[in-house]
1. Is it the case, given these coordinates, that residue A:24 is surrounded by fewer than 18 Cβ atoms within 10 Å (Cβ to Cβ) and over 21 Å from the mean Cα position of the chain (by Cα)?
2. Looking for something touching a Pro at 6+ places or on another chain (Cβ under 8 Å) and either assigned to a helix (DSSP H, G or I) or β-branched (Val, Ile, Thr) (or both) - is there at least one such residue anywhere in the range A:187-203?
3. From the set of residues in the range A:29-55 that are facing chain B (nearest Cβ under 8 Å) and charged (D, E, K, R), which is surrounded by the most Cβ atoms within 10 Å (Cβ to Cβ)?
4. So residue A:146 clears everything in (1) among the aliphatic types (A, V, I, L, M); (2) surrounded by fewer than 24 Cβ atoms within 10 Å (Cβ to Cβ); (3) without any contact (Cβ under 8 Å) to a residue 60 or more places away in the chain; (4) closer than 30 Å to residue A:275 by Cβ except one condition, right? Which one?
5. Got a number for residues in the range A:80-112 being of a type outside the set (A, V, I, L, M, F, W, C) and part of a helix (DSSP H, G or I)?
6. Give me the strands (runs of 3 or more DSSP E) completely within the range A:287-356, filtered to those with at least 1 residues that are in contact (Cβ under 8 Å) with a residue 12 or more places away in the chain and surrounded by fewer than 23 Cβ atoms within 10 Å (Cβ to Cβ), ordered by residue number.
7. Count, please, the residues in the range A:222-278 that happen to be more than 22 Å from residue B:124 (Cβ to Cβ), open to solvent by 20 Å² or more (accessible area, probe 1.4 Å), assigned to a helix (DSSP H, G or I) and of a type in the set (D, E, K, R).
8. Yes or no: residue A:61 under 23 Å from residue A:246 (Cα atoms) and modelled with pLDDT of 95 or more?
There are 2 protein chains.
Amino acid sequence: MSRYWSDIVHRLTPYVPGEQPVLAHPVKLNTNENPYPPSPRVLDAIRRELGEAGESLRRYPDPTALKLRETVAAYHGIHANQIFAGNGSDEVLALTFEALLKHDKPLLFPDITYSFYPTYARLFEVEYRTIPLDDSFAINVDDYVAPNGGVLFPNPNAPTGRPLPLADIERLLLKNTESVVVIDEAYVDFGAESAITLIDRYPNLLVVQTVSKSRSLAGMRVGFAFGNAELIDALNRVKDSFNSYPLDRLAQAAATAAYEDDGWFRDNCAKVISSRERLAAGLTTLGFDVVPSAANLLFARHPGHDAATLVLRLREREIFVRHFKAPRIDQHLRISVGTDAECEILVNALREIFGA
Amino acid sequence: MSRYWSDIVHRLTPYVPGEQPVLAHPVKLNTNENPYPPSPRVLDAIRRELGEAGESLRRYPDPTALKLRETVAAYHGIHANQIFAGNGSDEVLALTFEALLKHDKPLLFPDITYSFYPTYARLFEVEYRTIPLDDSFAINVDDYVAPNGGVLFPNPNAPTGRPLPLADIERLLLKNTESVVVIDEAYVDFGAESAITLIDRYPNLLVVQTVSKSRSLAGMRVGFAFGNAELIDALNRVKDSFNSYPLDRLAQAAATAAYEDDGWFRDNCAKVISSRERLAAGLTTLGFDVVPSAANLLFARHPGHDAATLVLRLREREIFVRHFKAPRIDQHLRISVGTDAECEILVNALREIFGA
């Protein structure tokens, strides 16, 4: 608290990211990182950009990330002016709140979802109303057909991993034409259907993606928005009033190369999906209720064990999972899908804890 | 224009960064980049972070950039909690507008200064009043002793390069205790005195710096704010409501290493200062009026030649300088200091143009 702070600073509730333990070999299943490294082509591209002496690093990067956007556009069969690139999908979402979701009517998003959304809303003074998930943690899109200044949810949803069929999203778009519908697809590549295929038909659809999860580049901070060129223009106008050069040269090179190695991407997604199914089976055998997931995470509760206590018991074994002290979900664990070996360590640890 | 845009988007005047020509060998003296590459230690640090397989890139970076801040703190003899690290000093400035400069009374900054300031003010809806520089483009700090919600100027000033003695800044701080004074030191290392030495004594002083100019890392997007821990806390609260992880792993590694090679930094600054003095002499010989500069740029006008025309004539020769179509300065060129060879190409080209 300080008299020098702007009023808004007093009213913020900053987001708290998952812990980054400094242990040598933690079993880190708490921030939904990919268990596999990025494509070797990513490494090559970074080394190429560095060159012998890092000569290019003294120069500003392309403020529009054109080559990256053209590569991603070709990948999705769309135009570069339908893509916005930002410093991680968190920045893309923040700029989206400011550029497209701040209206007189309230923004709608689920009561259980990415916990950054209410934080953005407070920063940008966006009025919002939360819509309860049903008892199975499913989104019913008909609940969002109400007067609103925007609709926002992840598909698959966070922190549940539960996916929504594309047909439901299209049904919402047919009914909700007066405000922007934002689908946050951070986890989409692990088994859900992307709405990017719909952007040509719905001028109020914005799809947000990231290279942090499925492309193993959480460390490089690159995210995208896909939509009608007018929506992208709004994001560019805000970005160019905030920070002209959000993506450094190595991040642009890395993300571009990640899209150029589709085989690596597909193989890793398939491995994560396979590990997820095996982990879900293991947890179910131990008595957990596991939410059906199309993400690289599982959301699970055990009827006989307190979630916060389980987190502590696992932490003692240097195993990290995420827990949210929030209504309706404070008995759930959010477990990132690691390698099969990591998942097995977790399941064995839980078995030990339950046996003790 | 779109009905889906938030109201604010219609009112923005986005900043336009200097052109990034795609020519093979332009003489690029338009965006104040350092003519010398970063330290070899920077390259080593990036390669070390990459490792064999880029294994660390799949993991989120440290959201607090602690190692970087500790390194920079040790360099300046201050504490890490007196430093904020952001995605270039442009992002640091943007967050500063939101966190510390938005008050009922107007923000004060010079009429001729970094042209991003009014853009930030419009985005964050910060009322501002510009204070005219005197006829020699000097800042008189006494002009800023007036009711205000904040004071902001660069030292040396942009785009003039003209420095202000530290004693003047301290005089302002003694008189202006009720609002934050932000000194934007993007160019300070080329001959001005940093106000970082004053942050322990003035709780309302915030100093902003960047690795883009003097540390040859424009391509990596790292900037800092230095100040009382309460001011830094405000920046962190806004940052953690906007984007938890603004600095990627390679940017953190690069910037840390840049501070660990002080000899490289000092040598390059000395070379740039020497080239600046030689270029100033060359321009003066050609009849230019050159503003005294302590930055890696010169701000100069020729009484006999229209500035916009000179820009075009130079551009034909693949020589890029910056020109601002703004009141009082539309007959000036802003010329970044390149290598001696680049400066000589510029001076010879101007001589040719004048002779033709």
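The values are calculated or read from the model by the stated rules, or taken from the named source; none is laboratory data. Quick caveat: nothing in here was measured; it's all calculated off a predicted structure. Virtual Cβ from ideal backbone geometry, glycine too; neighbours counted across all protein chains shown. Just so you know, the surface numbers come from the protein's heavy atoms only, side chains and all, with ligands and any DNA or RNA stripped out. Shrake-Rupley method; radii C 1.70, N 1.55, O 1.52, S 1.80 Å.
1. So residue A:24 passes the test.
2. The answer is yes, given that some residue of the range A:187-203 is touching a Pro at 6+ places or on another chain (Cβ under 8 Å) and either assigned to a helix (DSSP H, G or I) or β-branched (Val, Ile, Thr) (or both).
3. My answer is A:33.
4. (4)
5. Number satisfying all stated conditions: 8.
6. Where strands (runs of 3 or more DSSP E) fall fully within the range A:287-356 and carry at least 1 residues being in contact (Cβ under 8 Å) with a residue 12 or more places away in the chain and surrounded by fewer than 23 Cβ atoms within 10 Å (Cβ to Cβ), they are A:297-301, A:319-321.
7. Of the residues in that region, 9 qualify.
8. Yes, satisfied.
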